[in-house]
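The structure appears below as structure tokens.
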Amino acid sequence: MTTPSDILMQAQAMADQLTAWRRDIHMHPELSFQEERTANLVAGQLAALGIETQTGVGKTGVVGYLGDGGPVIAIRADMDALPIQEENDVAYASQTPGVMHACGHDAHTAILLGVATILARMPDRPAGQVRFLFQPSEEDSDDENKSGATRMIEDKALDGVDGVIALHVASDLPSKRITIVDGPASANEDSFEIWLRGTGGHGAFPHQTVDPTFILAQVLNSIHGIRARRIDPTKAAALSIGMILAGAASNVIPSQVYLSGTMRSFDDGVRQQLRDELAKVLEISRVLGGDFEMKLWPGYPAMINDVDVARLVRVSTRDLVGAHAIMEAEPMMAAEDFSYMTRKAPGAMFMLGAKKDGVERPHHTPVFDIDESAMPLGAAVLADVACRLLRQKASQ
């Protein structure tokens, strides 16, 4: 029987190939729902392994089907890049101006190709099907505000799935360390735009105007009071303003102020309360003689890690490389559209530490990069957990 040690050795033997795949994808990044080259690379590799392959899933996604006749376990990797100009001086730097893999999706795709290789070659792979989900557009949504996970679900990629797993590389965690949390792991996310309207006028005659900048001062203070005075202090929440735009001249009171921001939470009830309280706060503008308009853009829901699946990730990591590789983790306020998949089937995402060369290389920045030597461990954990889940589901 193939053991965790066997899986780890196979993953480590693929280190050069994983790096080659990752660098190829890194050099040719593609934005959300534009991942044509990446999808072709993925489909070609899956076909070469004899894995049934479907393209055009969720617009530009790829699904591989390995095995049948039993439980179905899905493994997801996202493929899209970000509109960022890379600043790293490396041989594999992006060759596409203004586009860069600044969040590790190139590594996710390479790792999942490695998992597919390991499982396709496993002579005693557990009965059932492993479904490889190469997802487009985690970083953005289309003109209907739908991301790649939603589009793949609509195209039935998650139909019949009994469990789903994924990883995310983390450039701020020690390399070859694993973290995973039980329950809420990433946050609900909503974005908003607000227009505070007055009448504006000459800066020398403020009494003849309805000044939206004065309204802004009252509204802004009240917005920041929502978390402090309206939300249960035992519940996590964040409400941040990211942009304020007003005026064009020092002696002209503008007629309008624009602001935008984001709201984060783990609890769906708190999510709705944030929305409601924000709308109430904006009524201040009408009390002061002005008016407002708000547009709310619902984002990804909170990602909920299934406790049992998370436990298997810890057990697998311990059996593969030892308990020392498991680090304590806390939920993050960032958002992740894998959350849609964990609401379709029990699942979990773990973080794979990949900090490189002691330099701070934050996600979504021009200097993001990872320690590629961590990728074999990620592939081994995903492959081993998939096998454990197949056996577990078959015995239930």
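When the chain is treated as a Gaussian network with alpha carbon springs shorter than 10 Å, the biggest mean-square fluctuation among Asn88, Asn305, Asn188 belongs to Asn88.
Just to verify a number: FRET efficiency for Asp142 and Ala204, C-beta to C-beta distance, R0 = 41 Å, to 0.05?
It comes out at approximately 0.30.
Report, to the nearest whole %, how much of the accessible area of the chain belongs to carbon and sulfur atoms, 1.4 Å probe, protein only.
Accessible surface attributable to carbon and sulfur in the chain totals 51 percent.
Think of the range 118-187 as a dipole: +1 on every Lys or Arg Cβ, -1 on every Asp or Glu Cβ, centred on the Cα centre; then among Ile118, Ile165, Ile180, Ile118 lies furthest on the positive end. To the nearest 10 degrees, how steep is helix 375-395 against the longest Cα principal axis of the chain, on a 0 to 90 scale? Approximately 80 degrees, to the nearest ten.
Summarising the label geometry, the points placed 7 Å from Cα in the beta-carbon direction at Glu330 and Tyr65 lie 4.5 nm from one another.
So how strong a dipole does the chain carry about its Cα centre when Lys and Arg Cβ are +1 and Asp and Glu Cβ are -1, to the nearest 20 debye?
Roughly 800 debye for the chain.
Centre-to-centre separation between the Cα atoms of the range 215-241 and those of the range 49-116: 38 Å.
Applied to the range 347-363, the Karplus parametrisation 6.51 cos²θ - 1.76 cosθ + 1.60 on θ = phi - 60° returns per-residue 3J(HN,Hα) values of x, 6, 10, 10, 9, 9, x, 8, 5, 10, 6, x, 9, 6, 10, x, 4 Hz, with x for Gly and Pro. In the chain, helices alone account for a calculated mean residue ellipticity at 222 nm of -11000 deg cm²/dmol, with every DSSP H run of four or more residues adding -39,500 (n - 2.57). Here the alpha carbons of the range 256-369 define both size measures, Rg and Dmax, at 20.2, 66 Å.
The slack between Arg318 and Asp268, meaning 0.36 nm per residue of separation minus the straight C-alpha distance, is 14.6 nm.
Over 26 Å, how big is the tail of the calculated P(r) for the chain, in percent of all Cα pairs?
56
If only the Cβ of Lys and Arg carry +1 and only the Cβ of Asp and Glu carry -1, the dipole of the range 255-375 around its Cα centre is close to 160 debye. Working ranking of peptides 369-379, 249-259 by packing, defined as the average number of other Cβ atoms within 10 Å per residue, highest first, is 369-379, 249-259. Each residue of the range 220-234 is assigned a 3J(HN,Hα), and the resulting list reads 4, 4, 6, 4, 6, x, 4, 5, 6, 10, 10, 9, 3, x, 8 Hz, derived from the Karplus form 6.51 cos²θ - 1.76 cosθ + 1.60 (θ = phi - 60°), x at Gly and Pro. For the range 303-316, backbone phi angles converted through the Karplus equation (6.51, -1.76, 1.60; θ = phi - 60°) give residue-by-residue couplings of 8, 10, 7, 5, 4, 5, 5, 4, 4, 5, 4, 5, 4, 4 Hz, Gly and Pro being listed as x. Across Ser285, Ser265, Ser171, mean-square fluctuation computed from a Gaussian network of the chain (C-alpha pairs under 10 Å connected) peaks at Ser285. Fully extending the segment from Asn40 to Val252, taken as 0.36 nm per residue of separation minus the present Cα-Cα distance, adds 70.8 nm.
Summarising the amide proton neighbourhood of Gly200: residues at separation of 5 or more, or on other chains, whose placed amide H is nearer than 5 Å comprise Val210.
Taking all protein chains into account, the per residue accessible area for the chain stands at 41 Å² (1.4 Å probe).
Which of rounded, prolate, oblate describes the range 1-84, given a ≥ b ≥ c as roots of the alpha-carbon gyration tensor eigenvalues and a/c under 1.5 marking rounded, otherwise prolate only if a/b is larger than b/c?
Oblate is the answer for the range 1-84, as a/c is 1.5 or above yet b/c matches or exceeds a/b.
Residues whose amide H lies under 5 Å from that of Asp155, counting only those 5 or more places away or on a different chain, are Gly58; hydrogens are built 1.01 Å from N in the peptide plane.
Per residue, the convex hull around the alpha carbon atoms of the range 306-396 comes to 125 Å³. Other residues whose C-beta falls under 12 angstrom from the C-beta of Glu154 contribute a net charge of +1, scoring Lys and Arg +1 and Asp and Glu -1. Who wins for biggest fluctuation among Pro184, Pro346, Pro206 in a Gaussian network model of the chain, springs between alpha carbons below 10 Å? Top of the fluctuation ranking is Pro206. Residues whose amide H comes within less than 5 Å of that of Asp78, counting only those at least five positions distant or on another chain, are Gln135 (H built at 1.01 Å from N in the peptide plane). Distance between the C-alpha centres of the range 339-363 and the range 150-165: 19 Å, rounded to the whole angstrom. In a fully extended conformation the segment linking Glu293 and Asp6 would gain 97.3 nm over its present Cα-Cα distance, using 0.36 nm per residue.
The values are calculated or read from the model by the stated rules, or taken from the named source; none is laboratory data. Remember, predicted model here, so these are calculated numbers, not experimental data. Counting neighbours? That spans all protein chains shown, and the Cβs are built from the backbone with ideal geometry, glycine included. For accessibility, only protein heavy atoms count, side chains too; no ligands or nucleic acids. Shrake-Rupley method; radii C 1.70, N 1.55, O 1.52, S 1.80 Å.
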